[in-house]
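Colleague: One structure follows; several queries about it will come next.
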Amino acid sequence: MANQKILTQEEEDKLRQPIEEHVAAIQKKIDALRKDGTDVVVELTNHITLVKEDKNYTKDEQAKLIAEDKKNLAPAKAIEEKNKPEVDRLIAEAEKYLDEHFDADYYSKVVASCTAQKEKAFSDYSAKMEELKKEHEKILSGLTDKQEIKDENYVYKNRQFDASMVRDRELQEIKDRQHEAFTYKYHLIDLLRMSKFTFSQNQAQKRENRRYTFNRRQFFLQNGLYIVIVAIFIFLCIITPIVKHTQLLTVSNILNILQQASPRMFFALGVAGLILLTGTDLSIGRMIGMSMVTATIVMHQGVNTGAVFGHIFDTTGIPNGARAILALVLCIVFCTCFSSLAGFFMARFKMHPFISTMSNMLIIFGLVTYATKGVSFGAIEQSIPKMFIPKLGTFPTIILWAVAAVAIVWFIWNKTTFGKNLYAVGGNPEAASVSGISVFKVTLGAFIMAGILYGCGAWLECLRMVGSGSAAYGQGWDMDAIAACVVGGVSFTGGIGKISGVVVGVLIFTSLTYSLTILGIDTNLQFVFEGIIILTAVTLDCLKYVQKK
C-alpha cells in the first residue's frame, strides 16, 4: 500500500509541469516589461559600482563614464516606474496561483510520497537486520573455533553498520527530495521578485532551512548544557519557596542578578577575545583587586586612612565627578599596561598565555599587597555611585553600562576589520599571517581591548560596592570569567565564539550563584557546581571539535 504512494521522478515532474508552465507564461510578460526598464537600471547601477572600484581608470575617465551611465539611467528608471504597477499585478497573480496550486497539486503529494519512502526505508532496514541476524546465527551454529567465532562476530557488526549506512543514505535522499520540492516554489518567486522576498516568505524559508539542517546530535552538543542548566534553575525556582518560604523568580531578584552580572560582563567580554585566540588570562582577579584599590583611594570618603608605599593620598579637594573620571582613567591605564605586557610576550616570543598572565598575576598581587600592606581602603564618597549608576525607581542603571559594553564589543567583533582578523588569527594563525594579517598586532590588540574592559568593569564594581578596595578583592573572578566564556560557547580551539554566548554564560553563572546563595548552599559546594558545569562545557566543546576532525 505504501509503495503505491511513492512517486517516481517522472511522476513528480509531471505534477510540477502545469505550475511551471503557468508561472513561466507570467514570467515571460514580466521579463518583457523589465527589459527596457529594470534590467537596464540594474546593469547601469552595477557598471557605475564597477567603474568606481576600478583603479585602472583616471578620475576624469571615471567621472565621464559615470556621467554617461547616469544620463542613460534616468529614462530607464522612468520606464521602470511606468511599468511597475503592471509588474506588481503580474507578480501578485503568479503568487496567488502558487498559493492555490503549489501545495495542493504538487508539494503535499511529494510530502506523502516522502513519508511512504521513509516507511519503506525503515521496513527494508528491519528486514535486512533480521536477515543478517538469521544468517549470523546459522553461521555461528557451525563454528567451534574461538577465533572463527570472533571473526564472524566482527563481520556481523560490519554488516549491521553497512545496513545502517544504507538506511541513513536513503533517509537523507528522501529529506533532500522534500527540501528541493519546497524550495522550488521560492525559486519561482525569486525570479518573479528578483530576490526581493516579503517578510513572510523569508520566514517560511528560514523555518524550512532550520528543519532541513536540524541534526539531533548536533543540537544536544550545542544546547545540551543549557537545557540541563535551565532544568536545574527551574528546579531551584520550585524548591526555594518550599525550603526558604520565598520566591526566587521575582522582579527584585532578577534585577539583583543583572546588577551583579553587569561588572562581570566586562571581564568575560575581555577574556573572550583572548580565548578566541586560543589564549586565556589568569590575572583578571588581581587586576580587579588592583583597580578596586586604585579607584577606592581616588574616590575615598575623606582623607585616605591607608597608605601606598608609605604615602597618604588626599583627593578631597577634587570635585567628586572629576575624581570618579580620574579613577576610571587610572583603572583603564593600569589594567591596559599589565594586560599589554602579557600580550607582548605572547605575541612576540610565542609564550603561552598561561605563563605570561600567571606572571602578571603574581607581579600585580605582590606589588599591590606590598604597597598597601594588605589594608582595605574602606568606602568611597556616597554621592559618586548616585552620579554614575543611579537607580531609576528600582531599576539599577549599572545594567545599561553592561548593555553598552556588549553592543560595542559585538560591533568590534562583527563589523570591523580587527574583529574579522581576530577570528582569522584564532582559527589559523599561519594562514592569517600568509594572507597579510599581522598576528602580532591582532594579539596585542586583543590584550589591550581586554585591559580596557577589565578597568571599566573593576571601576563599576567599585561603584556598586561603594568602595571596599583591597588587593584580595576579585580572587577567583578570573575563573568565573573564563568559565562564563566556555559555557557560552567560546572555544579554546580558537576562532569560534559569539558575544551572545558570552552574555548567556555570565547570566548563567550569576543566576546559579545567586540562587544557591538564597537557598543557603555553602560557598564551597557552589565551587563544586561551578567545576562540574565547566567540565561538562569543555567536554561538549571537545566532542564538537573531535566530530569536526
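The values are calculated or read from the model by the stated rules, or taken from the named source; none is laboratory data. Just so you know, these numbers come straight off a predicted model, no measurement behind them. As a convention, Cβ positions derive from the backbone with ideal geometry for all residues, glycine included, and neighbour counts pool all protein chains shown.
Colleague: If I go through segment 371-381 residue by residue, how many of them are among the β-branched types (Val, Ile, Thr) and not in a helix (DSSP H, G or I)?
Modeller: Residues meeting the conditions: 2.
Colleague: Which pairs do you get when a residue that is more than 19 Å from Ile227 (Cα to Cα), found in segment 516-544, comes within reach of a residue that is of a type in the set (A, V, I, L, M) and surrounded by fewer than 16 Cβ atoms within 10 Å (Cβ to Cβ), reach meaning Cβ atoms under 9 angstrom, with the pair 6+ apart or on two chains?
Modeller: Close Cβ pairs satisfying both conditions: Leu519/Ile239; Leu519/Val243; Gly520/Val243.
Colleague: Do any residues in segment 308-337 that are without any contact (Cβ under 8 Å) to a residue 12 or more places away in the chain have Cβ atoms under 6 Å from those of residues that are of a type in the set (Phe, Trp, Tyr) and surrounded by 11 or more Cβ atoms within 10 Å (Cβ to Cβ), where the two are at least six apart or on different chains, and which pairs are they?
Modeller: Every condition considered, no pair remains.
Colleague: Of a type in the set (Lys, Arg) and over 18 Å from Gly489 (Cβ atoms) - does that describe any residue in segment 217-224?
Modeller: Initially, segment 217-224 is screened for residues of a type in the set (Lys, Arg), giving 217.
After this cut, where a residue has to be over 18 Å from Gly489 (Cβ atoms) as well, the list is none.
No - not one qualifying residue is present in segment 217-224.
Colleague: Restricting to segment 461-490, and then to whatever is charged (D, E, K, R) and surrounded by fewer than 24 Cβ atoms within 10 Å (Cβ to Cβ), can you tell me which residue is modelled with the highest pLDDT?
Modeller: If we take residues in segment 461-490 being charged (D, E, K, R) and surrounded by fewer than 24 Cβ atoms within 10 Å (Cβ to Cβ), then Arg464 is modelled with the highest pLDDT.
Colleague: Kindly indicate which of Ser438, Ser500, Ser470, Ser511 is under 28 Å from Phe344 (Cβ atoms) and either assigned by TED's automatic domain parsing to the domain that holds Leu400 or of a type in the set (Asp, Glu) (or both).
Modeller: Ser438
Colleague: Follow-up. Please determine whether any residue of segment 89-104 is more than 30 Å from Tyr184 (Cβ to Cβ) and either of a type in the set (A, V, I, L, M, F, W, C) or modelled with pLDDT of 90 or more (or both). Break it down into steps so the answer makes sense when it comes.
Modeller: Step one: of segment 89-104, the residues more than 30 Å from Tyr184 (Cβ to Cβ) are none.
Scanning segment 89-104 turns up no residue that is more than 30 Å from Tyr184 (Cβ to Cβ) and either of a type in the set (A, V, I, L, M, F, W, C) or modelled with pLDDT of 90 or more (or both).
Colleague: Let me ask something else about it. Search segment 177-204 for residues that are in the same structural domain as Ile91 (by TED's automatic domain parsing) and on the phi < 0 side of the Ramachandran plot and pair each with any residue that is of a type in the set (Gly, Ala, Ser) and surrounded by fewer than 17 Cβ atoms within 10 Å (Cβ to Cβ) when their beta-carbon atoms are under 8 Å apart and the residues are at least 6 apart or on different chains.
Modeller: Tyr186/Ala204
Colleague: Right, next: Could you tell me whether segment 350-370 includes any residue that is touching a residue at least 60 places away in the same chain (Cβ under 8 Å) and touching a Cys at 6+ places or on another chain (Cβ under 7 Å)?
Modeller: No, segment 350-370 has no match at all.
Colleague: I'd like to check which helices (runs of 4 or more DSSP H) are fully inside segment 382-432 and have at least 3 residues that are under 24 Å from the mean Cα position of the chain (by Cα) and either of a type in the set (A, V, I, L, M, F, W, C) or more than 21 Å from Arg264 (Cβ to Cβ) (or both). Lay out the reasoning, then the answer.
Modeller: Values: elements: 383-388, 398-415, 417-427.
Answer list for segment 382-432: 398-415, 417-427.
Colleague: So Tyr454 fits all but one of (1) at pLDDT 95 or above; (2) more than 28 Å from Ala371 (Cα to Cα); (3) hydroxyl-bearing (Ser, Thr, Tyr); what number is the exception?
Modeller: For Tyr454, the exception is condition (2).
Colleague: Which residues, counting only those in segment 198-213, are under 26 Å from the mean Cα position of the chain (by Cα) and either farther than 23 Å from Leu171 by Cα or surrounded by 12 or more Cβ atoms within 10 Å (Cβ to Cβ) (or both)?
Modeller: As a first pass, look at segment 198-213 and keep what is under 26 Å from the mean Cα position of the chain (by Cα): 199-213.
Hits for segment 198-213 are Phe199, Ser200, Gln201, Asn202, Gln203, Ala204, Gln205, Glu208, Asn209, Arg211, Tyr212.
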